[in-house]
Amino acid sequence: MKSRVVVFIWFAVFVFGHYSCQKTEDVIETYVELISPAENSLIYLPDTLQIKFKIKTEGDIESVNISVVNSNYISLFGTNTIDAPPTDEEVVTTINLKPLQNFDDAPYYIRITVNYHKVKRDIYFNFQLDNKPLVYKGFFLFSSSGIQQTRIDFYNPNLLDSVFLIVQGVYIDSEISSFNNNLYMLTTTPEKLKSFSINNQVLDWEAEPAFPYPAFTDIHLNKDRIYTGMESGQIVGYSQLNGQQQLTTEMMTDSFPEKIHIMEDFIIGDYLSRISGKKTLVTFYKETGVKKQSQPVDIQVVSFATTAYPYQVLIVGNKNQKGIISQYHVQDNYFVAAREIEEGIITTVCEITEGTLLCSIDKGLYLHKYAQNMTIKLIEFQEVPLQIYFEHISRQIIVQFESKLIFLQYPDMEEISIINMDNTLKGLQFYYQYD
């Protein structure tokens, strides 16, 4: 049986007369019994939460408000209001709970506010929230379509495809939010950041880069923001919901970020000098966008990768016709270590786990384990791969060529399927949902 929690509340209503300083006190007895969910129960998101409770009181209730709040007593999913609810009878209301991006503001409460004439009382019942596991739904595939157009197809896990959208602009890069069900894409001609509703298959909003060099270079999603590198020399953070600018880093007038990486407290960019062509790692504070430091490098950066250490990052690139993976301490601004990849120049890379990478070198696909300083050749292709993707649930590797995708099962590298396309392939984004 579900446990029933009864909260017994006494509170006073003070009435002041117009011509007297004497205070009179009315005491209203109020009982609130939470019938369901049981207090301290765990609710998985998304879900539809049915709340049942009973109020016993001698006073006249004008209304009652029901909401789910965090530790700061901020309503997370809106507030339901019931006017003149019956007393000593079961009251039922329903709240739609969406997934949360993080759970830093726990604990969570069901708040029931009983409103009398000019007074109210808040009653809190503790319970727990967590997101349901993500389920792999397929992937979006970007390809060229006509003159200055990008075609977006969706493939389900069985590789059955459907056309999602055909949009103006040449594809640069993309990101996806399972939390908001939005697909984000950078384009050139025109220079745009576009946000598409996955559910409605329409453009939600778009943004343009800043002058004097109005062009985007890279995109990275982190929590509730979508970050872009710009040729103007800035990194800008936008709201995922409406595209409003929420953060702009200091402008580097003589250089611009080719690659960006977002950490818990810092934003780091691989900056290219407009004058000398030299590279510099520039770090900004994530909270303010203020520049923290610069670190000159002689690495042609291909990608950033995460580590098990919160203030460190792996920088994957090339130097002296060899691959190199360097471990950089962002907070203290120094290089911890570096690994040379003797097999050759790295052309593309993706992460399997922290410190375990898939790297493309010439026509070969390699596995690199940074902690063990070990590089293993997995397979050789007839063409040079343009991009590599790793799907963590099915543990499949998808290798992108100019007009072909090859699907491999990791770690035995058995070929699962091949998709041949008429269009030139540009990129791919995996799609997950909270089921």
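The values are calculated or read from the model by the stated rules, or taken from the named source; none is laboratory data. Predicted model, so just to flag it, every value in this text is computed and none were measured. Positions of Cβ are backbone-derived with ideal geometry, glycine not excepted, and every protein chain shown enters the neighbour counts.
Just one of (1) loosely packed, with under 15 Cβ neighbours inside 10 Å; (2) in contact with a Pro (Cβ under 9 Å, 6 or more places away or on another chain) trips up Asp270, so point out which.
Among (1) loosely packed, with under 15 Cβ neighbours inside 10 Å; (2) in contact with a Pro (Cβ under 9 Å, 6 or more places away or on another chain), the lone unmet condition for Asp270 is (1).
List pairs: first in the range 76-105 and farther than 17 Å from Asp122 by Cα and in contact (Cβ under 8 Å) with a residue 12 or more places away in the chain, second among the hydrophobic types (A, V, I, L, M, F, W, C) and not in a strand (DSSP E or B), Cβ under 6 Å, 6+ apart or cross-chain?
Pairs that qualify, where the first residue is farther than 17 Å from Asp122 by Cα and in contact (Cβ under 8 Å) with a residue 12 or more places away in the chain and the partner is among the hydrophobic types (A, V, I, L, M, F, W, C) and not in a strand (DSSP E or B), are Pro99/Phe179; Gln101/Phe179.
Return the residues of the range 48-80 that are among the aromatic types (Phe, Trp, Tyr), under 14 Å from Thr113 (Cα atoms) and in a strand (DSSP E or B); say none if nothing qualifies. Walk me through it before giving the result.
Here is the first cut: in the range 48-80, the residues among the aromatic types (Phe, Trp, Tyr) are 53, 73, 77.
Next, only the ones that are under 14 Å from Thr113 (Cα atoms) stay: 53, 73.
Passing the criteria: only Phe53.
Considering the range 54-74 alone, what residues qualify as being of a type in the set (Val, Ile, Thr) and crowded, with 17+ Cβ neighbours inside 10 Å?
First pass over the range 54-74, keeping only residues of a type in the set (Val, Ile, Thr): 55, 57, 61, 64, 66, 68-69, 74.
Once the filter is applied, which keeps residues that are of a type in the set (Val, Ile, Thr) and crowded, with 17+ Cβ neighbours inside 10 Å, the range 54-74 yields Ile55, Thr57, Ile61, Val64, Ile66, Val68, Val69.
Kindly indicate whether Leu203 is under 24 Å from the mean Cα position of the chain (by Cα) and farther than 30 Å from Tyr271 by Cα.
In short, yes.
With (1) in contact (Cβ under 8 Å) with a residue 12 or more places away in the chain; (2) surrounded by fewer than 16 Cβ atoms within 10 Å (Cβ to Cβ) as the list, and Gln429 as the residue in question, which single condition is left unmet?
(2)
Look through Lys52, Lys23, Lys98, Lys56 and report the one residue that is at pLDDT below 95 and either among the aliphatic types (A, V, I, L, M) or within 41 Å of the chain's Cα centre (by Cα) (or both).
Numbers: Lys52 fails: at pLDDT below 95; Lys23 fails: either among the aliphatic types (A, V, I, L, M) or within 41 Å of the chain's Cα centre (by Cα) (or both); Lys56 fails: either among the aliphatic types (A, V, I, L, M) or within 41 Å of the chain's Cα centre (by Cα) (or both).
On inspection, the qualifying residue turns out to be Lys98.
On the basis of being assigned to a loop (DSSP other than H, G, I, E, B) and at pLDDT below 95, does Thr253 make the cut?
Working: assigned to a loop (DSSP other than H, G, I, E, B): yes; at pLDDT below 95: yes.
Yes.
Among (1) among the small types (Gly, Ala, Ser); (2) at pLDDT below 95; (3) exposed (fewer than 14 other Cβ atoms within 10 Å of the Cβ), where does Ala337 come up short?
Here Ala337 clears every test but (2).
So Asn181 passes all but one of these: (1) more than 17 Å from the chain's Cα centre (by Cα); (2) on the phi > 0 side of the Ramachandran plot; (3) of a type outside the set (Phe, Trp, Tyr). Which condition number does it fail?
All conditions pass for Asn181, except number (1).
Exactly one of (1) surrounded by fewer than 18 Cβ atoms within 10 Å (Cβ to Cβ); (2) β-branched (Val, Ile, Thr); (3) in a strand (DSSP E or B) is unmet by Thr228. Its number?
Answer for Thr228: the failing condition is (1).
Could you tell me which residue of the range 181-201 is surrounded by the most Cβ atoms within 10 Å (Cβ to Cβ), considering only residues that are without any contact (Cβ under 8 Å) to a residue 24 or more places away in the chain and closer than 21 Å to Lys98 by Cα?
Among those residues, the one meeting the criterion is Ser197.
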